[in-house]
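Worksheet for the structure shown next.
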Amino acid sequence: MMDDYTLPFWIYLSVLTVFVSGVMKKILASHLSTAPTLVAWLGATVLVERLCAFSLPAVLLLALLGLACCLYSAARTISPPTTLPTHGKAVFITGCDSGFGNAAAKRLDALGFEVFATVLDLTGDGARELQRTCSPRLTLLQVDITQPQQVQQALLDTKAKLGLRGLWGLVNNAGVCVNFGDAELSLMSNFRGCMEVNFFGTVSVTKSFLPLLRQAKGRLVTISSPAGDQPFPCLAAYGASKAALNLFINTLRHELEPWGVGVSIILPSSYKTGQSSNHSYWEQQHKQLLQTLSPGLLEEYGEDYVTETKELFQSHTQQANPDLSPVVDTIVQALLSPQPQAHYFAGPGVGLMYFIHSYCPFSVSNRFLQKLFVKKKLMPRALRKQSSFDLNLSLHNNNNNNNNDEEKLKKQPDVETS
């Protein structure tokens, strides 16, 4: 018989869930850009489920979580967030012609950093804008990160300006997404192009500048992509290059910890950068793909299928966020926080996306990705033909069955009834 002073377990569990959701909301809201309440409840559900698996009494679980919450709040109160000074610190940023790199170079210059910004074209609009708007502390360097000679020359130029000082920050921003479409339809040159810039080029820059970073016990900040951790449809080449990059940077985090170098990866949501909003760029990519596909593949997938993919990408990029400040703010945070995080989610929805990917069943996370990114309506032409054939065959079989039934009824003898 239940003791009068003992509440049923489900009451404890309800109280525990409400309590955990409040704690999770406070903690996760500082890391997730959208839907903190939803994520808090999801997190509470997962956490309660895992704690209950240990068969601990609900009261003990509640006490432990309460103690953890108090310790967390006390730590936040005792040591409020602070930022390091920028005076005398130098930062090297790749890919500053446009996008995140261009915006970050301007922001870091305004904060007082000595900025070394690489561009592909010293006479381009992005380079001229940086020269016009930034202080004399900013140095522009023409660097294609896929060219080792240019990377080494940039290292020599940077060393000459730094003198005996080390480099506080290296921001690996340069990247490219040169493909769209199913992996089978993507050109091998697209796979190689993504790997050359996003992986090999970034590795080359990082290895070259690591001695300067170790000397200053500085920060390595890399702009990556959720596509490197999650299988976004139609982004196989880009995602594979970012996956390789993520593993490389995460390995460096362990190896550079004894040297006092902080290593962070920034994972942005969808933003308008580079060629993403350039209509002629997408048309050119589409035309090149149609011209290089084998007749067999084009017949099986269909030109309308390829065209729909191009149009979906264009629509997606048109809806992307033009305000780059969340990513720039995160770069500044990773460079100046006394204790930088290993991963930063920059922009709305990224934290929720990773939570669903990590804790929800595969069927849920898979459907979430399909609905979130490229919402295709057309099937490949061969599958449409097969589907149409199967439908016709099914109708034909049904008709035959109906006819056979009618024949059987006709052949049955009449039965007299009295």
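Taking GLN152, is it surrounded by fewer than 17 Cβ atoms within 10 Å (Cβ to Cβ), in contact (Cβ under 8 Å) with a residue 12 or more places away in the chain and under 18 Å from GLY101 (Cβ atoms)?
On the way: surrounded by fewer than 17 Cβ atoms within 10 Å (Cβ to Cβ): yes; in contact (Cβ under 8 Å) with a residue 12 or more places away in the chain: yes; under 18 Å from GLY101 (Cβ atoms): no.
For GLN152, the condition - surrounded by fewer than 17 Cβ atoms within 10 Å (Cβ to Cβ), in contact (Cβ under 8 Å) with a residue 12 or more places away in the chain and under 18 Å from GLY101 (Cβ atoms) - is not met.
Which condition breaks for MET195 when tested against (1) open to solvent by 40 Å² or more (accessible area, probe 1.4 Å); (2) of a type in the set (A, V, I, L, M, F, W, C); (3) more than 30 Å from PHE355 (Cβ to Cβ); (4) part of a helix (DSSP H, G or I)?
The one condition MET195 does not meet is (3).
Just a yes or no: is a residue in the range 261-270 touching a residue at least 24 places away in the same chain (Cβ under 8 Å), buried (at least 20 other Cβ atoms within 10 Å of the Cβ) and in a helix (DSSP H, G or I)?
Within the range 261-270, none of the residues are touching a residue at least 24 places away in the same chain (Cβ under 8 Å), buried (at least 20 other Cβ atoms within 10 Å of the Cβ) and in a helix (DSSP H, G or I).
What pairs come up if the first residue lies in the range 82-94 and is surrounded by fewer than 18 Cβ atoms within 10 Å (Cβ to Cβ) and modelled with pLDDT under 95, the second is part of a strand (DSSP E or B) and among the acidic types (Asp, Glu), and their beta carbons are under 7 Å apart, counting only those six or more places apart or on different chains?
none
For the range 354-371, check the following and say yes or no: at least one residue is within 30 Å of SER280 (Cβ to Cβ), open to solvent by 20 Å² or more (accessible area, probe 1.4 Å) and part of a helix (DSSP H, G or I).
Looking only at the range 354-371, we keep the residues that are within 30 Å of SER280 (Cβ to Cβ), and these are 369-371.
Checking the rest, the ones that are also open to solvent by 20 Å² or more (accessible area, probe 1.4 Å) come to 370-371.
Still in the list and also part of a helix (DSSP H, G or I): 370-371.
Yes, there is a match, as at least one residue in the range 354-371 is within 30 Å of SER280 (Cβ to Cβ), open to solvent by 20 Å² or more (accessible area, probe 1.4 Å) and part of a helix (DSSP H, G or I).
So THR317 fits all but one of (1) polar (S, T, N, Q); (2) surrounded by fewer than 16 Cβ atoms within 10 Å (Cβ to Cβ); (3) modelled with pLDDT under 85; what number is the exception?
Against the list (1) polar (S, T, N, Q); (2) surrounded by fewer than 16 Cβ atoms within 10 Å (Cβ to Cβ); (3) modelled with pLDDT under 85, THR317 comes up short only on (2).
Only one of these is assigned to a helix (DSSP H, G or I) and buried (at least 19 other Cβ atoms within 10 Å of the Cβ): VAL205, VAL221. Name it. Show your work before the answer.
Working: VAL221 fails: assigned to a helix (DSSP H, G or I).
One residue alone meets the criteria, VAL205.
Would you confirm, using the coordinates I've provided, whether THR158 is open to solvent by less than 10 Å² (accessible area, probe 1.4 Å), in a helix (DSSP H, G or I) and under 26 Å from HIS87 (Cα atoms)? Reasoning before the result, please.
Numbers: open to solvent by less than 10 Å² (accessible area, probe 1.4 Å): yes; in a helix (DSSP H, G or I): yes; under 26 Å from HIS87 (Cα atoms): yes.
Yes.
What number goes with the only condition from (1) open to solvent by 20 Å² or more (accessible area, probe 1.4 Å); (2) of a type in the set (Ser, Thr, Tyr); (3) farther than 24 Å from ASN278 by Cβ that THR146 does not pass?
Tallying (1) open to solvent by 20 Å² or more (accessible area, probe 1.4 Å); (2) of a type in the set (Ser, Thr, Tyr); (3) farther than 24 Å from ASN278 by Cβ, THR146 fails exactly one: (3).
Are any residues in the range 96-130 within 21 Å of LEU167 (Cα to Cα), in a loop (DSSP other than H, G, I, E, B) and open to solvent by 20 Å² or more (accessible area, probe 1.4 Å), and if so, which ones?
The one that is within 21 Å of LEU167 (Cα to Cα), in a loop (DSSP other than H, G, I, E, B) and open to solvent by 20 Å² or more (accessible area, probe 1.4 Å): GLY112.
Residue-by-condition table, conditions (1) assigned to a loop (DSSP other than H, G, I, E, B); (2) within 22 Å of MET188 (Cα to Cα):
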position: GLN285; (1), (2): no, yes
position: GLN288; (1), (2): no, yes
position: LEU297; (1), (2): no, yes
position: GLU300; (1), (2): no, yes
position: GLU308; (1), (2): no, yes
position: SER315; (1), (2): no, no
position: LEU335; (1), (2): no, no
position: PRO338; (1), (2): yes, no
position: GLN341; (1), (2): yes, no
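From the list GLY262, GLY296, pick out the single residue that is farther than 22 Å from LYS371 by Cβ and over 24 Å from the mean Cα position of the chain (by Cα). Explain how you work it out, then say what you get.
Values: GLY262 fails: over 24 Å from the mean Cα position of the chain (by Cα).
GLY296 is the lone residue from the list that is farther than 22 Å from LYS371 by Cβ and over 24 Å from the mean Cα position of the chain (by Cα).
The values are calculated or read from the model by the stated rules, or taken from the named source; none is laboratory data. No experiment lies behind these values; they were computed from the predicted model shown. Cβ sites come from the backbone with ideal geometry, for glycine too, and all protein chains shown count toward neighbours. Surface accessibility is based on the protein's heavy atoms, side chains included, excluding ligands, DNA and RNA. Shrake-Rupley method; radii C 1.70, N 1.55, O 1.52, S 1.80 Å.
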